[in-house]
Amino acid sequence: MKNPVALLFAHPDDETFLAAALSRKLADEGHPPVLLVATRGDAGMRGSEQAKLLGSGLGAARERELADAARILGIGAVGQLGYPDGKLEEADEKEAVRRAAEFLRTYKPSALVTFPPDGGNGHPDHKAISRIGTRLVKEGHISGLNQLYYVASPALEEQGRTAELTLDSAEQWTAKAAALAAHTSQSDTIARYFGDLSAPPKDWRYERFYLAWEDGQERF
Ligand SMILES: [Zn+2]
């Protein structure tokens with residue numbers, strides 16, 4: 001991939017959970033990805049006790065955490081759409097597609113990575129960003145952007161599909177663990193999925209990417 005890969009996610013930390021090894025690998029190959037996040041993740045309903053204590057300061061804290069994680073992962077640029085956390089489905093979708101395209105276009109991406117339609121874990125914000133990313137690619141808002149990849153979800157795996165791209169996070173674990181640790185306000189959630197970060201947990205070892213659409217062709 002010569003042009004950068006665009007990562008489009010709902011919250012700060014989605015990129016590290018799902019595409020840390022991919023980001024670090026692309027950066028090491030000389031093609032740092034670009035990341036656009038839809039919300040500041042500042043609703044504070046999850047993460048850790050510390051996140052609740054931060055209250056209105058949570059958005060700013062998560063912005064700093066994301067900047068640290070992005071630096072560790074070699075992400076070349078980070079954009080923020082600033083929609084309310086937990087309410088992305090209420091946003092004007094057409095407007096969100098236009099704003100996302102406006103930011104990403106500058107970087108001339110050839111592939112976009114986002115959540116699958118079921119949001120991976122069913123989170124409404126994840127489903128909403130999936131719709132936004134899917135429209136952005138399929139409606140041709142960025143010339144040269146001709147591949148759409150979805151990150152893994154249990155539903156995709158149950159369908160027996162094979163991912164077009166699978167990365168073993170063990171090979172990039174130092175970077176992935178450091179980026180997870182950078183999301184300090186989310187430490188409780190991260191511990192639940194990734195344990196003490198000493199090694200990739202069995203269930204979260206591989207990052208999988210499914211090609212959903214390419215050059216005008218549905219791949220699902
Ligand atoms: Zn998320």
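The values are calculated or read from the model by the stated rules, or taken from the named source; none is laboratory data. Since the model is a prediction, treat every value here as computed from it, not as a measurement. Here the Cβ positions follow ideal geometry from the backbone for every residue, glycine too, while neighbour counts run over all protein chains shown. The area values use the complete protein model at the heavy-atom level, side chains included, leaving out ligands, DNA and RNA. Shrake-Rupley method; radii C 1.70, N 1.55, O 1.52, S 1.80 Å.
Converting phi to 3J(HN,Hα) with the Karplus coefficients 6.51, -1.76 and 1.60 and the offset θ = phi - 60°, segment 200-211 yields x, x, 3, 5, 10, 6, 9, 9, 10, 10, 10, 6 Hz in sequence order, with x at every glycine or proline. Put a dot 7 Å past the Cα of residue 165, heading toward its Cβ, do the same for residue 196, and the two dots end up 3.4 nm apart. Each label point was placed 7 Å from the Cα along the Cα-to-Cβ direction; for residue 141 and residue 203 their separation is 3.3 nm.
Can you pull out the GluC sites (Glu not before Pro) in segment 124-172 whose DSSP state is coil and whose Cβ has at most 13 other Cβ atoms within 10 Å? When the GluC sites (Glu not before Pro) of segment 124-172 are filtered for loop state and at most 13 Cβ neighbours within 10 Å, 139 remain. The count of lysine pairs in the chain with alpha-carbon distances below 27 Å, taking only pairs 8 or more places apart or on different chains, stands at 24.
Computed from backbone phi, the HN-Hα couplings of segment 179-187 come to 5, 4, 5, 5, 7, 3, 5, 9, 4 Hz, rounded to whole numbers (Karplus: 6.51 cos²θ - 1.76 cosθ + 1.60, θ = phi - 60°; Gly and Pro given as x). Label sites at residue 77 and residue 89, each approximated as a point 7 angstrom past Cα along Cα to Cβ, lie 3.2 nm apart. So what is log10(I(q)/I(0)) for segment 62-124 at q = 0.20, 0.23, 0.28 1/Å, when the Debye sum runs over its Cα atoms only? Normalising to I(0) and taking log10 leaves -1.14, -1.36, -1.30.
Treating r as the C-beta distance of residue 31 and residue 157 and R0 as 45 Å, the FRET efficiency rounds to 0.95. Largest first, the extents of the alpha carbon coordinates of segment 59-165 on the three principal axes equal 40, 32, 31 Å. If you wrap segment 147-214 in the convex hull of its Cα atoms and look at it from every side, the mean projected area works out to 5.3 nm².
Compactness of segment 21-113 is given as radius of gyration and Dmax, 14.7, 41 Å, from Cα positions.
Give me log10 I(q)/I(0) at q = 0.08, 0.09, 0.13 Å⁻¹ for the chain, Debye formula, one equal scatterer per alpha-carbon, no solvent. Values, matching the q order: -0.25, -0.31, -0.68.
Antiparallel DSSP bridges in segment 5-218: what percent, to the nearest 5? Approximately 40 percent, going by the DSSP bridge assignments.
Per residue, the solvent-accessible area of the chain (1.4 Å probe, heavy atoms of protein chains only, all protein chains present) comes to 45 Å². Assign one of three labels to segment 92-215, namely rounded, prolate or oblate, based on the Cα gyration tensor with a ≥ b ≥ c the square roots of its eigenvalues; rounded applies when a/c is under 1.5, prolate when it is not and a/b is larger than b/c, and oblate otherwise. Prolate is the answer for segment 92-215, as a/c is 1.5 or above and a/b outweighs b/c.
Of all the accessible heavy-atom surface of segment 1-139, with the other protein chains kept in place and a 1.4 Å probe, what percent is carbon and sulfur? Ligands and nucleic acids excluded, carbon and sulfur reach 51 percent. Here residue 92 sits with roughly 100 square angstrom of accessible surface, probe radius 1.4 Å.
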